[in-house]
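J.: Quick one: structure below, then a few questions.
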Amino acid sequence: LFDRCLAGIIRTSVMMEEYQGGRRRFPSLAALSLALWVATFVGLLSDAPSLLSSCSGEIPSRASSLLFDKNARGGGGGDAIKTKEPDDIVVVGVKQQSQERSFPKVAWLMSFPNSGTSYTLRIVRQITNQTTATNYGHEHLMNSNGHIDNDDDDNDDDDNDDVANQKQQHNNNTNSATGTSLLLYSNWTQGPFRANLSQALPEHYILTKTHCGSRCVHCAPDRYLETIRTFQRACLAGRRIDNNISGNASKTTTIPTMYKPTVVARAVHLIRHPLDNIVARFHLSRRRNRDNQNVDYPNNATGFQAWCHSLDRRYWQYETHTPWLDDTLLQLWKHVPCHAEFFKYIQWHNLAHFTTTAMMDIPVHVLRYEDYAAGNGWKRTVSTLLNFLELPAVAWNDATPFDMHSYHRAYYTQEQVSNISRLLQHVAAAPVWKTLVGPYFVSDLEG
């Protein structure tokens with residue numbers, strides 16, 4: 001008992017000392033050890049099991065928060081902000097603990113925006129007749145009449161859902177959306193949130209949308225450069241809409257949220273051809289009509305190249321003055337249209353891979369957007385996904401047909417494709433290039 005408690009305190013003390021840069025702000029380890037001897041003796045005489053559970057080596061919640069927030073920028077950039085500590089998932093009481101075990105675990109649907117997220121969520125609901133979830137509570141709102149307003153299209157991908165903007169929205173205390181987010185469970189105020197109330201919750205895993213971090217479009221490097229810990233934090237972050245706080249149905253409060261990683265048990269890593277993915281982000285930017293882009297950048301290859309040139313020129317000054325981008329990378333960027341977009345794409349897939357496989361050690365299913373195409377075995381692709389999620393297939397005929405969009409052969413020159421391939425391979429982690437991204441360029445470079 002003593003050994004386990006001492007090990008937990010040593011780990012916490014060492015980690016906290018490292019966090020404080022060597023300036024220890026806690027009692028000395030010797031004092032802690034002496035106190036622990038006394039506590040252990042008392043615990044053995046009274047309630048040793050409870051003492052054992054409290055000394056299992058877990059970092060105290062405040063220490064965990066401090067460690068987790070070290071140098072964090074949140075989901076996509078900006079300065080670090082203080083978010084509410086995620087709600088405890090393990091509740092007290094035999095009855096509540098029994099109920100907790102019946103809750104489905106979260107299965108992330110991780111996607112760099114415009115990779116087929118909305119289609120995946122939609123067909124899972126249609127075929128299984130069970131609901132999905134999302135980190136972003138503004139997508140499915142219950143209005144004052146009890147009606148559910150749905151909007152889970154991939155339209156929240158750059159500057160809307162990052163934690164820095166959540167903070168600003170929270171300070172403004174209002175949001176254009178009206179209604180209240182649908183809580184997954186009554187005590188899970190930190191997300192994720194249900195897509196609807198008409199369909200049942202899955203028994204084992206609920207597919208949950210998250211775009212994680214490193215996804216902003218109109219941003220400098222200080223906003224999109226990520227570490228594995230800030231990326232994981234962004235994967236857990238979202239926002240909740242609540243009009244019960246203001247008491248005014250026409251004014252809703254936006255609250256930044258973040259749930260605990262312990263509720264995440266699986267992940268679906270959704271990926272799309274990078275050349276198509278970046279063009280799709282261009283189309284989304286046009287739909288938002290930001291800076292009159294529909295006029296300045298027509299919806300074709302010429303408009304795309306002009307849009308890329310504008311982004312490249314706008315942020316080049318910031319990129320050349322950041323210490324985190326080396327000269328070799330910057331030289332490669334000079335010959336790639338939308339170079340920062342492609343960097344964000346490959347950084348995102350690197351971080352998604354290592355967050356799930358190394359940091360969290362959870363099962364991962366790789367799902368390619370292109371595999372939805374009829375010629376690639378649509379039903380086999382969806383069946384494999386449902387099997388991974390342990391979901392039933394009860395209504396195949398209700399599924400929306402897949403509409404394949406591929407632009408890359410018309411939007412890039414062959415030289416640009418070669419340069420983009422070199423850039424991505426330079427930044428990609430070896431397993432990410434070999435199994436996820438590299439195969440896309442085999443036929444492209446040959447053609």
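J.: Among the residues of region 434-443 satisfying the criterion of being open to solvent by 30 Å² or more (accessible area, probe 1.4 Å) and either among the polar types (S, T, N, Q) or assigned to a helix (DSSP H, G or I) (or both), which is modelled with the lowest pLDDT? Give the steps one after another, and end with the answer.
T.: Step one: filter region 434-443 for residues open to solvent by 30 Å² or more (accessible area, probe 1.4 Å), giving 434-435, 439, 442-443.
Next, from what is left, pick out any that are either among the polar types (S, T, N, Q) or assigned to a helix (DSSP H, G or I) (or both): 434-435, 442-443.
Working: LYS434: 97, THR435: 96, VAL442: 88, SER443: 72.
Taking the candidates together, the pick is SER443.
J.: Which of the following residues is in contact with a Gly (Cβ under 7 Å, 6 or more places away or on another chain) and either closer than 14 Å to GLY238 by Cβ or modelled with pLDDT under 55 (or both): ALA177, ALA164? Please lay out each step first, then the result.
T.: Numbers: ALA177 fails: in contact with a Gly (Cβ under 7 Å, 6 or more places away or on another chain).
Exactly one residue qualifies, and that residue is ALA164.
J.: Scanning for something assigned to a helix (DSSP H, G or I), under 19 Å from CYS216 (Cβ atoms) and in contact with a helix residue (DSSP H, G or I) (Cβ under 6 Å, 6 or more places away or on another chain), does region 321-331 turn up at least one residue?
T.: No, region 321-331 contains no residue that is assigned to a helix (DSSP H, G or I), under 19 Å from CYS216 (Cβ atoms) and in contact with a helix residue (DSSP H, G or I) (Cβ under 6 Å, 6 or more places away or on another chain).
J.: Among (1) hydrophobic (A, V, I, L, M, F, W, C); (2) open to solvent by less than 30 Å² (accessible area, probe 1.4 Å); (3) more than 30 Å from ILE228 (Cβ to Cβ), where does ALA352 come up short?
T.: Among (1) hydrophobic (A, V, I, L, M, F, W, C); (2) open to solvent by less than 30 Å² (accessible area, probe 1.4 Å); (3) more than 30 Å from ILE228 (Cβ to Cβ), ALA352 violates only (3).
J.: For region 177-212, which residues satisfy the criterion of being under 19 Å from VAL263 (Cα atoms), assigned to a loop (DSSP other than H, G, I, E, B) and open to solvent by less than 30 Å² (accessible area, probe 1.4 Å)?
T.: Passing the criteria: LEU182, LEU184, TYR185, TRP188, GLN190, GLY191, PRO192, ALA195, PRO202, HIS211, CYS212.
Residue by residue, here is whether (1) outside any helix (DSSP H, G or I); (2) under 29 Å from the mean Cα position of the chain (by Cα); (3) surrounded by 14 or more Cβ atoms within 10 Å (Cβ to Cβ) holds:
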site	(1), (2), (3)
VAL382	no, yes, yes
LEU386	no, yes, yes
LEU391	yes, yes, yes
THR400	yes, yes, no
HIS405	yes, yes, no
GLU415	no, no, no
ASN419	no, yes, yes
GLN425	no, yes, yes
VAL432	no, yes, yes
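J.: Next up: Keeping to region 111-156, report how many residues are farther than 22 Å from ALA352 by Cα, modelled with pLDDT of 95 or more and assigned to a loop (DSSP other than H, G, I, E, B).
T.: So the answer is 2.
J.: Which number in (1) within 15 Å of the chain's Cα centre (by Cα); (2) modelled with pLDDT under 90 marks the one condition that ILE228 misses?
T.: (2) is the only condition that ILE228 fails.
The values are calculated or read from the model by the stated rules, or taken from the named source; none is laboratory data. Fair warning: this is a prediction, and the values are worked out from it, not measured in the lab. Positions of Cβ are backbone-derived with ideal geometry, glycine not excepted, and every protein chain shown enters the neighbour counts. Only protein heavy atoms, including side chains, enter the accessible area calculation; ligands, DNA and RNA are left aside. Shrake-Rupley method; radii C 1.70, N 1.55, O 1.52, S 1.80 Å.
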